[in-house]
């Protein structure tokens, strides 16, 4: 009836339109004033197909004529109206029509006030037009009415006011109406597209499996990196402390470091590196065990770190008759006369020549004390003077690795042994003070470089193993990773487009 009134249809066409059965079940277009009026099924008819058709029609509209009656919309209808105005973005391109206002017992002002209350924050933005379409149609089609009666019905029907308002919001050139309608629709399309990327079934299971594996690997990696950072700082702290001890021990008589202090400081440097090796290796092993508990044999074992240290007891400096300790002591005793050349030569030979390292390994394995040091993990020897298969090679690597730490320690100790002269142009006290500060600065520099080097090499060692783990588990995680990557790429693109579209639909834009 409202469409018939707006289109000024003659009586025959009004009857054909109004009496058509069944009532509107799908979007039905009608030309009007250069635009198209689209009659939509009732949104609250209870018919899902009707509701879906109405929803599609709303989403494709440039403007809305929201029609209710003098009976006032119920709670569900009010909610639907507010959704159209707010979430759907039609607040500034809609008109609310309250039809059948000439019905008996209808108080126009009370009804309009109540409608505005139900519009809430949109009451001042959306025009509310009271109408009675039947009065307007009757005014044009009832032959018995006088001109005065016709004029009164037309005036009170509100159709002319509605026509004027519709012409205003649909007039050609109305700024931004069509682009804004398209922008709102784009936002809705993108929201739908985003929702369609919610995974289920096998895709969801694959993505969850991948995410779980990624979290497990990340936890393992984080735990090792935490240990690496902590233990490398401990090494640096022990180096600085050892340097302070050496500096405090400088003799005020001749500027030398006493033999017992030099020996103790060298031992502390070696112990610091050995303790680091043990704790870092343990953290990597713990990470492996945690992953293996979840994924079994699919997790590859990490390569041994440094010199295959298996336990804290596995330090070659422990026995009182260790060739390393003896070499250090002898070198320290002769330092004032011959410097560190002899000690460097011995250590370089053991660290760099497998034959020399093998001789030391054989020597250690000839006694129970040496065997305990050499094979704390029980993987190398079968008893005194006996090796397990491949045990001799492992023992040689251990010796060479330990010699490498000793070689590093002796290099650090170089400035302690270099006592060629004390500055002659200063007082002895100033010279001693300067030497002490120089030693502290030297050890502080060594500490910083050690921490950096251990962190860099430790991260590289860990990274290589993590890469192997990821490759080994790729058969389990590949599909889920590809699905997740495609989803994230799509969602990122959708969100970017939606952000741009939302700029167009904001009030005032």
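Read-outs throughout are calculated quantities, based only on the coordinates presented, and are distinct from any laboratory measurement. Everything numeric here is computed off the predicted structure, so don't read it as measured data. Reconstructed Cβ throughout: ideal geometry from the backbone, glycine too, with neighbour counts over all protein chains shown.
Things to note:
- Here residue 144 and residue 8 are evaluated by their C-beta separation; at R0 = 22 Å the FRET efficiency comes out at 0.65.
- Nearest-0.05 FRET efficiency for residue 463 and residue 86, computed from C-beta distance (R0 45 Å): 0.30
- Most to least packed among 457-463, 131-137 [average Cβ atoms within 10 Å]: 131-137, 457-463
- Figure legend: label point modelled 7 angstrom from the Cα of residue 431 along Cα→Cβ; residues of the range 226-265 with amide N under 17 Å from it are 250-258.
- Residue separation of residue 470 and residue 503 scaled by 0.36 nm, minus their Cα-Cα distance, works out to 7.7 nm of gained length.
- Extension gain, residue 52 to residue 105: 0.36 nm times the residue separation minus the Cα-Cα distance gives 15.6 nm.
- When DSSP beta bridges are restricted to pairs lying wholly in the range 2-174, around 35% turn out antiparallel.
- Computed P(r) (all Cα pairs; the range 2-174; 10 Å bins; percent): 9, 35, 40, 14, 1
- Restricted to Cα atoms, the range 60-113 shows a radius of gyration and a Dmax of 12.3, 37 angstrom.
- Over the range 2-174, relative contact order from alpha-carbon pairs under 8 Å, at least 6 apart, %: 21 percent
- Annotation: extensible slack from residue 223 through residue 193 equals 6.9 nm (criterion: 0.36 nm per residue apart, minus Cα-Cα distance).
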